[in-house]
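The block underneath contains the structure these notes are about, expressed in structure tokens.
The values are calculated or read from the model by the stated rules, or taken from the named source; none is laboratory data. All of these numbers come straight from a predicted model, not from anything done at the bench. Cβ sites come from the backbone with ideal geometry, for glycine too, and all protein chains shown count toward neighbours. Protein only, heavy atoms only, side chains kept; ligands, DNA and RNA dropped before computing areas. Shrake-Rupley method; radii C 1.70, N 1.55, O 1.52, S 1.80 Å.
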Amino acid sequence: MVNELRTKTKAQMREQSVNTPKNEGIILDLSDLHYTTEIDEKNEVYLLTKDLKKVYFDDPKNTLSLKNIDYMVISGDFVERGNSEASFEKAFHFIDMLSKRLGIPYGKIIIVPGNHDLSWDITMASYHLTMGTPGPNDKVVTNIGNDLYYLKRDDAQWYKKFANYSKYLYERLYGVPFPENPKDQLKVIMGDFIDNKKIAFFMLNTASQIDQFNREVTYFDTQGLIKASRQLPKEDIIKIAVGHHPVNLAGSYGDDIPFANAMQNENFKIYMHGHVHRIISLDYLNPQNVNPNMIMIGAGALSVGQSGLIPGVPERYNIIRMTKTDKVNKLLVEVNTRQREYIGTYWQSAYIYYEENGKKLSNIWRNVI
């Protein structure tokens, strides 16, 4: 009789759980792992999961359950050097262990490559000294007499630069190789999120045009974004774009502004990025400078070494909560930011956001978007 009662109670609880509306969804927002063979990935998983259990948004007694995290986003720079297969193995081991601890399947892990994830061994080997008339992808070296010498780029070889990223991360998570052609690299992962709303992550390779001669070039696939957005079913879908590099709206003459314009007109809620190893709490990348339609969220650096951090700037990650509101197509977006001084230390709250007209600091930013 007791066993029957227990069985019935468990069944009722499962039924109640299925029927209860899911009014909020949570995203773990990481970036810039910068793995080397010296990093202890097991300890990094331990420290991160220990910290996640302390996270709360409203009531200190109502802390986050690891199983409540719906998706994990890692926006690039998984390794310090893209030539190192052993570093990629470490990065994957970190992701795999974290996936198991959080109960997040591979299909709900969103990754994009960063500028550290490409192999300069491959891009260096793709240039060959020759003479004549250079093409747009070649690198001019010098004139000797009347002859122009330049480094001719073998494009077929050059585009293999993300081979390690593909083999050790992308293929293991998604079961297919990472496309070599930048125009084929945009991938969309869509799934359930909150009640009557799906979520779609648009995964971009903003580092696709970078090599040793072009270190600061970013690539925002505006046309690919628009095409993929319009191919989605006509449903109520929360659209989020993910790239490694921030969108530069202040001093850009490239494709950053057209890309931002396309995101807003295609009704994207968020652009998530990494790459910024500096304090981002008070500049134009910060969500508290509110656009009523869309925000940009930077994750900071998760485990970059001391040489990769500006002095005095901590490592950071975010937990993002999105909650339904009574306003049509509007969500309450909250960003809880955590920080630490360097690898191997414990995480804590990052009091970088202003409340009450600048009179109070908080580690949580929130607004209806």
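Worth a mention:
- Förster radius 30 Å - calculated FRET efficiency between LYS22 and TYR351 (Cβ-Cβ, nearest 0.05): 0.50
- Largest-first ordering by accessible area, 1.4 Å probe, given options ASP154, ASP58: ASP58, ASP154
- Here the translational diffusion coefficient of region 100-183 follows from Stokes-Einstein with Rh set to the Kirkwood radius across Cα pairs; for 25 °C and 0.890 mPa s it amounts to 161 µm²/s.
- Selection from MET203, ASN23, THR337, by position along the positive dipole direction of the chain (Cβ): ASN23
- Simple spin-label estimate for LYS330 and LEU129 in nanometres, 7 Å along Cα-Cβ: 6.5
- Between ILE238 and LYS198, ILE199, ALA200, the built amide H atoms are under 5 Å apart, and every one of these is 5 or more places off in sequence or on another chain.
- Between LEU361 and ALA156, residue separation times 0.36 nm minus the direct Cα-Cα distance comes to 68.7 nm.
- Considering only PRO136, PHE213, TYR170, the residue lying farthest towards the positive end of the dipole of region 123-220 is TYR170, judged by Cα position with unit charges set on Cβ.
- Per-residue SASA entry for TYR354, accessible area with 1.4 Å probe, Å² rounded to 10: 120
- Separation of the alpha carbons by more than 18 angstrom is noted, of LYS108/LYS198; LYS22/LYS53; LYS324/LYS359; LYS198/LYS234; LYS67/LYS234; LYS330/LYS360, for LYS22/LYS53; LYS324/LYS359; LYS67/LYS234; LYS330/LYS360.
- Neighbourhood charge, 15 Å Cβ-Cβ cut-off, centred on GLN209 and excluding it, Lys, Arg +1 and Asp, Glu -1: -4
- Length available on full extension from LEU148 to GLN264: 0.36 nm per residue minus the Cα-Cα distance, which gives 37.2 nm.
- Less than 5 angstrom separates the built amide H of VAL55 from those of LEU64, all sequence-distant by 5 or more or on a different chain.
- 3J(HN,Hα) couplings calculated from phi for region 186-194 with the Karplus curve 6.51 cos²θ - 1.76 cosθ + 1.60 (θ = phi - 60°) are, in sequence order, 5, 10, 10, 10, 10, x, 6, 9, 10 Hz; Gly and Pro show x.
- By the Cα gyration tensor, the chain has an equivalent ellipsoid whose semi-axes, rounded to whole angstrom, run 38, 23, 22 from largest to smallest.
- Dipole of the chain computed with +1 at Lys/Arg Cβ and -1 at Asp/Glu Cβ about the Cα centre; of TRP158, TYR71, LEU249, farthest Cα towards the positive end is TYR71.
- Förster radius 35 Å - calculated FRET efficiency between ASP192 and ILE257, Cβ distance, rounded to 0.05: 0.60
- If the segment from SER65 to TRP120 were pulled out straight at 0.36 nm per residue, it would be longer than the present Cα-Cα gap by 15.7 nm.
- Along region 66-74 the Karplus relation, 6.51 cos²θ - 1.76 cosθ + 1.60 evaluated at θ = phi - 60°, assigns HN-Hα couplings of 4, 6, 7, 7, 8, 9, 10, 10, 10 Hz to successive residues, with x for each Gly and Pro.
- Each Lys and Arg contributes +1 and each Asp and Glu -1, all at the Cβ; summed about the Cα centre of region 85-170, the dipole is approximately 400 debye.
- Annotation: amide H-H contacts under 5 Å for VAL141 (H modelled 1.01 Å from N, sequence separation of 5 or more, or interchain): TYR149, TYR150, LEU151.
- Accessible area ranking (1.4 Å probe, heavy atoms, ligands and nucleic acids excluded), largest first, for ARG172, ARG230, ARG340, ARG321: ARG230, ARG172, ARG321, ARG340.
- Under a model in which nothing but the beta-carbon of Lys, Arg (+1) and Asp, Glu (-1) is charged, the chain shows a dipole of about 1300 debye around its Cα centre.
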